[in-house]
Every structure is written in C-alpha cells, then in structure tokens.
Amino acid sequence: MDHLLLGAADLNQGIALVNERTGLSPVIGGSHPGVGTRNALLSLGNLQYLEIIAPDLAQHVFAYQPDLRQLREPRLITWAAATRDIDATAQKARAAGLDVIGPRDGSRKKPDGQVLHWKTLGIVNPLTVSGVAVISVFHPVGRGRSAPVADAVTGCRLESWNLRIRNLRR
C-alpha cells in the first residue's frame with residue numbers, strides 16, 4: 001500500500017477533519033494540472049501517506065473520477081499501491097482479465113513551483129459505495145525520484161491495512 005486517498009468537496013474541510021482526528025495539520029501538496037484537483041498530505045510512516053484530494057477552483061477543468069464535488073463530507077475514496085515496473089503491472093493485470101486504464105502520465109505542481117511526475121494505472125472496479133467508484137492506482141517508485149510524501153507532516157503511523165475480497169457472484 002502506497003497511500004490512502006481521502007476525497008473532499010473542499011480541501012480545507014478535508015484538512016480540518018484530519019486535524020480533528022489526529023491533532024496534525026496536513027501540508028498543502030499542490031495542484032494536479034489539467035485534472036482540476038489539488039491535495040494536502042500527511043505522512044503515515046515508511047513512505048506511506050494520506051492524500052486529501054479535492055477540486056482545485058483555480059483550474060477551469062475538472063477531469064477527476066469520482067466527482068469529488070458531489071461529496072457531502074470527506075471520505076476514503078480509494079487506495080494506491082506501488083510498483084517498480086508499471087508497464088509489467090499493466091500487462092499482468094490485463095492478462096488476468098482485469099479492465100485496466102493506462103498507464104497515464106500524472107503530475108503535481110508543488111507550492112514551491114517544483115513539478116513531480118509519475119504514471120498511474122487504474123484497475124476498474126465495478127463496485128460503488130454511495131456512488132463513488134473505487135479504483136486502485138499504481139505509482140512507479142524508484143531511485144532518483146522525490147517521494148510525494150517528502151514534505152508531509154509526520155506524527156501518524158499506519159499500523160495495519162487489511163483488504164478483503166469476496167466473491168459477489170454467489
């Protein structure tokens with residue numbers, strides 16, 4: 001598990017919720033150009049982090065799914081896994097019969113102007129929770145890359161992560 005994504009219709013609302021629950025204030029990560037979102041980050045230790053993601057009102061486009069603007073309150077919307085070889089991961093997922101989106105280029109412009117780049121791979125999941133589609137995202141990791149969480153506030157730790165998959169076709 002690389003990171004958890006907490007979706008919010010308003011970034012400040014998401015930050016306030018995390019602050020209320022942890023006593024820590026996530027740091028503004030920056031905006032995702034061309035996607036219409038921006039984020040704030042909180043380290044969970046071991047290069048894992050919580051990403052609060054919300055619409056970026058400074059952008060004239062909104063191309064993120066699920067539509068965060070429809071959320072009534074901040075909520076966990078998905079999680080992301082890490083991989084060193086995103087193309088091989090995509091190939092294996094397709095060979096396993098999964099509906100795959102990407103790999104796609106992604107980026108985030110930090111408040112200091114630095115731009116981080118990555119590729120994402122979406123695995124389509126037909127299940128929805130309160131109208132929010134759950135999509136797993138894979139980030140490539142490797143040497144010479146600045147970790148997205150490098151500037152994040154520390155003080156939290158992810159103690160466990162459980163994922164249950166059950167057969168819904170019974």
Next on the checklist: Anything in region 76-97 that is farther than 21 Å from P148 by Cα and surrounded by 14 or more Cβ atoms within 10 Å (Cβ to Cβ)? List them, or say none.
Outcome noted: A90, A93
Next on the checklist: Considering only residues that are in contact with a Ser or Thr (Cβ under 7 Å, 6 or more places away or on another chain), small (G, A, S) and over 25 Å from L158 (Cα atoms), which ones fall in region 59-105?
Outcome noted: G102
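Looking at the structure I just gave you, is S31 at negative phi, part of a loop (DSSP other than H, G, I, E, B), surrounded by 13 or more Cβ atoms within 10 Å (Cβ to Cβ) and at pLDDT 90 or above? If you could, list the steps in order and put the result at the bottom.
Details: at negative phi: yes; part of a loop (DSSP other than H, G, I, E, B): no; surrounded by 13 or more Cβ atoms within 10 Å (Cβ to Cβ): yes; at pLDDT 90 or above: yes.
For S31, the condition - at negative phi, part of a loop (DSSP other than H, G, I, E, B), surrounded by 13 or more Cβ atoms within 10 Å (Cβ to Cβ) and at pLDDT 90 or above - is not met.
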Item to check | Filter result (of a type in the set (A, V, I, L, M, F, W, C) and within 14 Å of V124 (Cα to Cα)) within region 82-102 | outcome: A90, A93, A96, L98, V100, I101
Checklist outcome for this item: Pairs returned, first residue in region 150-161 that is closer than 11 Å to L42 by Cβ, second residue that is at pLDDT 80 or above and of a type in the set (S, T, N, Q), beta-carbon separation under 7 angstrom, 6 or more apart or interchain, are A152/S43; V153/S25; V153/S43; T154/S43; C156/T22; C156/S43; L158/Q48
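The values are calculated or read from the model by the stated rules, or taken from the named source; none is laboratory data. Keep in mind the model is a prediction, meaning the values are calculated, not measured. Virtual Cβ from ideal backbone geometry, glycine too; neighbours counted across all protein chains shown.
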